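> Got a structure here, written out as structure tokens. Questions coming.
Throughout, read-outs are computed from the coordinates displayed, never taken from laboratory work. Here the structure is a predicted model, which is why all the values come from computation and not from measurement. Cβ coordinates were reconstructed from backbone atoms using ideal geometry, including for glycine residues, and neighbour counts include every protein chain displayed.
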Amino acid sequence: NLQSKLDKAFKTLKGQGRITEINVAATVKEVRRALTDADVNYKVAKDVTDRVKEKALDRKVLIAVEPGQLFVKIVQEELTDLMGGEAQPINLKGDPAVVLIAGLQGSGKTTFSGKLASYIKKQGRNVLLVACDIYRPAAIDQLKVLGEQVGVEVYSEPDNKNAVQIAQNAISHAKKTNKKIVIVDTAGRLAVDEAMMQEIEQVKKAINPSETLFVVDSMTGQDAVNTAKTFNDRLDFDGVVLTKLDGDARGGAALSIRAVVSKPIKFMSTGEKMEALDVFYPDRMASRILGMGDVISLVERAQQAFDDDEARRINAKMRKNQFDFNDFLSQLQQIKKMGNIKDLLGMIPGMGKMVKDLDLDNASFAPIEAIISSMTPKERERPDMIDKSRKRRIALGSGTSEQQVTNLLKQFDEMRKMMKKMNQMQASGKLAKMMK
Ligand code: GDP
Ligand code: MG
């Protein structure tokens, strides 16, 4: 983890009592490597670290009480600024307001269209979805299924092979049926090709959208940047949707795309379920890129999807560094209700590693619950009081091994330390603002 590496680097520096620009340079290099590991384009990473270096020297990082933390905070701020600072709203002007969805095949356009429709509908607005993928009949069905699921009408013309016409007819239909927002899902190809670009350009010209969103799979790493550039040159889109952030991708593509096309990322998608759509917050993504997890998004999602009071209670405990195994168990159970444990667990600081270690699927999740269930309520609150003989009993009671119990306790402890660090950052700086 980046932070502990930095802490260590600085400890050595201080011990030597020789603090020079060269030492900072070495640390900066470490940061740059961490960024490129997270899929950030090399040039972008270099720009970031050059500015970080300047700020670090400026803000006297080397004589700070916790130089590593201050350093990471500076990096976090720099990344946040680079991604635009504030969350950018979607522009829904016009009657009806038209949103055009573009991107390669498989990037997640159709899924996102459904999610966006659901999101807008929940705000009490009348939405129409339009199936403009004329190449795959299955694409129309896919959108229809999603539309049904979220309760939004889907406009399609299965026999019409003219995407421009379909889009225009859909808008007339929207006016007739009093729809205020029209979301046009389009076809994509496996790679950018001229015919596809022309088609989407023509659709755009014909329907004059107030918002054109480019959807891109974050797992494609550096390719995502090139594709974004090509689409932007032709379509001059208004914003980016980053999908599949529930996977291994660490979100570095977000940084590079923003830097290369100068367009804001507006939404991120973290799963196949219709609920898994989040507004893109640059500061949260910066934390995620730095490997600190995205607790706030996780808590928000929990609040949306299920018990508000419970989520608020847990959120408060996290902030007071009182998060315990009871809360953990309660979260596991709530998360399980949503069906996609893996997506969500990855958002908890320190959990990414745990998920990996366990090679997680639903079945391998059972031991964790069994272990926690075999603890007494007191032990769940204060796991540090679990001694060797209790470990043995818990292992017996849960049908696991002592090693498994020890591992869980260790990982839970790491997770709590990570939360504490995040809380300290939030208390001390910019992050505090967004918690309000
Ligand atoms: P399109 O070809 O651009 O319309 O892409 P689709 O919406 O059909 O999505 C392609 C595949 O990616 C489907 O299997 C989706 O379920 C999946 N998918 C879309 N968004 C996400 C996401 O955020 N996370 C994950 N894990 N899968 C996604
Ligand atoms: Mg599609």
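> Give me the number: length gained by fully extending LYS29 to ALA370, i.e. 0.36 nm times residue separation minus the C-alpha to C-alpha distance, one decimal in nm.
118.4 nm
> From the phi of every residue in segment 384-396, what ³J(HN,Hα) in whole Hz does the Karplus formula 6.51 cos²θ - 1.76 cosθ + 1.60 yield, where θ is phi - 60° and glycine or proline is x?
Here the 3J(HN,Hα) series is 5, 7, 7, 9, 4, 6, 5, 4, 4, 5, 5, 4, 4 Hz.
> Which of the residue pairs LYS109/LYS179; LYS55/LYS266; LYS121/LYS179; LYS109/LYS204; LYS29/LYS417; LYS46/LYS229 have a Cα-Cα distance greater than 18 Å in the structure shown?
From the list (LYS109/LYS179; LYS55/LYS266; LYS121/LYS179; LYS109/LYS204; LYS29/LYS417; LYS46/LYS229), the Cα-Cα distance tops 18 Å for LYS109/LYS179; LYS55/LYS266; LYS29/LYS417; LYS46/LYS229.
> Go through segment 368-373 residue by residue and turn each phi into a ³J(HN,Hα) via Karplus (6.51, -1.76, 1.60, θ = phi - 60°); whole Hz please, and just put x for glycine and proline.
Whole-Hz 3J(HN,Hα) from phi for segment 368-373: 4, 5, 4, 4, 5, 5.
> For Cα pairs less than 8 Å apart in space and 6+ apart in sequence, what is the mean separation divided by the residue count of segment 97-289, i.e. the relative contact order in percent? Before the final figure, lay out the partial values.
On the way: 365 pairs, mean separation 48.3, N = 193.
Reported as a whole number, the value is 25 percent.
> Amide H of VAL98: which non-local residues (sequence gap of 5 or more, or other chain) have their own amide H closer than 5 Å, using H built in the peptide plane?
Amide H to amide H, under 5 Å and 5 or more residues apart or across chains, VAL98 pairs with VAL182, SER210, GLU211.
> Note down the net charge around VAL28, summing +1 for each Lys or Arg and -1 for each Asp or Glu among other residues with Cβ under 9 Å from its Cβ. Please report the intermediate quantities before stating the final value.
Values: positive: LYS29, ARG32, LYS53; negative: GLU30, ASP50.
After counting each charged neighbour, the total is +1.
> If you take every residue apart from LYS180 with its C-beta less than 15 Å away from the C-beta of LYS180, what net charge results, scoring Lys and Arg +1 and Asp and Glu -1?
Here the charged neighbours net out to +4.
> Report, in listed order, any pair from LYS244/LYS317; LYS43/LYS180; LYS115/LYS161; LYS73/LYS317 with a Cα-Cα distance greater than 32 Å.
As for pairs spanning more than 32 Å Cα to Cα, those are LYS43/LYS180.
> Distance in nm between label sites at GLN149 and ASP387, each 7 Å beyond Cα in the beta-carbon direction?
Each label point lies 7 Å from its Cα, and together they span 5.2 nm.
> Something else about it: Please report the antiparallel percentage of DSSP beta bridges with both residues in segment 97-289, rounded to the nearest 5.
On the way: 3 of 29 bridges.
Close to 10 percent.
> Shape call for segment 152-223 from the C-alpha gyration tensor, a ≥ b ≥ c root eigenvalues: rounded (a/c under 1.5), prolate (a/b greater than b/c) or oblate?
The shape class here is prolate.
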